[in-house]
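The structure appears right after this line, and notes come after that.
The values are calculated or read from the model by the stated rules, or taken from the named source; none is laboratory data. Remember, predicted model here, so these are calculated numbers, not experimental data. Cβ sites come from the backbone with ideal geometry, for glycine too, and all protein chains shown count toward neighbours.
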Amino acid sequence: EVQLVESGGGLVQPGGSLRLSCAASGFTFSSYWMSWVRQAPGKGLEWVANIKQDGSEKYYVDSVKGRFTISRDNAKNSLYLQMNSLRAEDTAVYYCARDLELRYYYYMDVWGKGTTVTVSS
Amino acid sequence: DIQMTQSPSSLSASVGDRVTITCRASQSISSYLNWYQQKPGKAPKLLIYAASSLQSGVPSRFSGSGSGTDFTLTISSLQPEDFATYYCQQSYSVFTFGPGTKVDIK
């Protein structure tokens with residue numbers, strides 16, 4: 001079964017750091033771009049970052065550039081999101097998603113259940 | 001950056017109704033447009049990719065159309081399990097989601 005399982009969420013103070021993990025199984029992890037998407041309480045979806053199969057390309061939404069770092073370990077079938085200088089507005093459920101490419105069309109076909117990050121003093 | 005808008009932001013409909021949701025991009029995105037369904041407390045689910053291609057396993061009552069800047073998601077006959085929030089997403093330049101359209105019971 002194709003599966004993504006996020007972990008690492010929790011309560012952190014403003015200015016603090018947190019590292020999210022996403023464990024992939026049931027597919028060849030190293031063959032896919034991967035993304036992080038977040039959803040603030042009661043709000044819509046926001047793409048946060050994605051990373052190429054070999055980690056050589058990474059892209060971020062402007063609001064997290066310089067604070068968040070996406071990475072992956074293909075040997076461990078794992079995706080990570082290092083979050084530094086956290087702000088209250090980073091409070092959200094963070095989803096890991098697989099980016100599928102078909103004839104240059106990209107879409108997110110597999111999603112984890114999410115992990116909750118709360119930034120509060 | 002490419003901005004996405006959706007209309008309406010919410011709608012009330014009855015089982016069996018035909019429902020249409022519109023998504024507009026701030027610039028031409030060709031057919032690089034996807035649609036997702038999300039139910040409360042759940043992860044999003046891919047419905048349509050490349051503007052009009054139905055994801056495997058998604059009922060045929062869902063359809064997508066459009067290209068350039070204007071796109072439409074249509075549910076031909078609304079079913080009880082379709083009450084949810086729907087998001088469009090552009091993949092022309094990284095990713096951007098629309099603000100969502102909530103479909104609830106009339």
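Please determine whether any residue of the stretch A:49-60 is in a strand (DSSP E or B), modelled with pLDDT of 95 or more and over 14 Å from the mean Cα position of the chain (by Cα). No.
Listed here are the residues, each with its yes/no results for (1) under 12 Å from the mean Cα position of the chain (by Cα); (2) surrounded by fewer than 16 Cβ atoms within 10 Å (Cβ to Cβ); (3) among the aromatic types (Phe, Trp, Tyr).
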residue	(1), (2), (3)
B:VAL19	yes, no, no
B:LEU46	yes, no, no
B:PHE71	yes, no, yes
B:GLU81	no, yes, no
B:GLY98	yes, no, no
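Strands (runs of 3 or more DSSP E) fully within chain B that include at least 3 residues being of a type in the set (Gly, Ala, Ser) and touching a Lys or Arg at 6+ places or on another chain (Cβ under 8 Å): B:10-13. Do you know which residues across the stretch B:49-73 are under 23 Å from B:SER9 (Cβ atoms), touching a residue at least 24 places away in the same chain (Cβ under 8 Å) and of a type in the set (S, T, N, Q)? Matches in the stretch B:49-73: B:THR69, B:THR72.
When the stretch A:1-18 is filtered for residues that are over 17 Å from A:VAL119 (Cβ atoms) and in a loop (DSSP other than H, G, I, E, B), the ones remaining, listed by number, are A:GLU1, A:VAL2.
Residue by residue, here is whether (1) within 11 Å of chain A (Cβ to nearest Cβ); (2) closer than 21 Å to A:ALA92 by Cβ holds:
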{"residue": "B:SER9", "(1), (2)": "yes, yes"}
{"residue": "B:SER12", "(1), (2)": "no, no"}
{"residue": "B:VAL19", "(1), (2)": "no, no"}
{"residue": "B:TYR32", "(1), (2)": "yes, no"}
{"residue": "B:PRO40", "(1), (2)": "yes, yes"}
{"residue": "B:PHE62", "(1), (2)": "no, no"}
{"residue": "B:SER65", "(1), (2)": "no, no"}
{"residue": "B:GLY68", "(1), (2)": "no, no"}
{"residue": "B:LEU73", "(1), (2)": "no, no"}
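Checking each residue in the stretch A:68-121 for being more than 14 Å from chain B (Cβ to nearest Cβ), part of a loop (DSSP other than H, G, I, E, B) and under 21 Å from A:SER31 (Cα atoms) picks out only A:ASN77.
Taking the stretch B:54-64 as the range and being of a type in the set (Gly, Ala, Ser) and surrounded by fewer than 15 Cβ atoms within 10 Å (Cβ to Cβ) as the test, the residues that pass are B:SER56, B:GLY57, B:SER60. Within the stretch A:45-67, the residues that satisfy the criterion of being out of contact with any Gly (no Cβ under 9 Å at 6 or more places or on another chain), within 14 Å of another protein chain (Cβ to nearest Cβ) and surrounded by 16 or more Cβ atoms within 10 Å (Cβ to Cβ) are A:GLU46, A:TRP47, A:VAL48, A:ALA49, A:ASN50, A:ILE51, A:TYR59, A:VAL61, A:VAL64.
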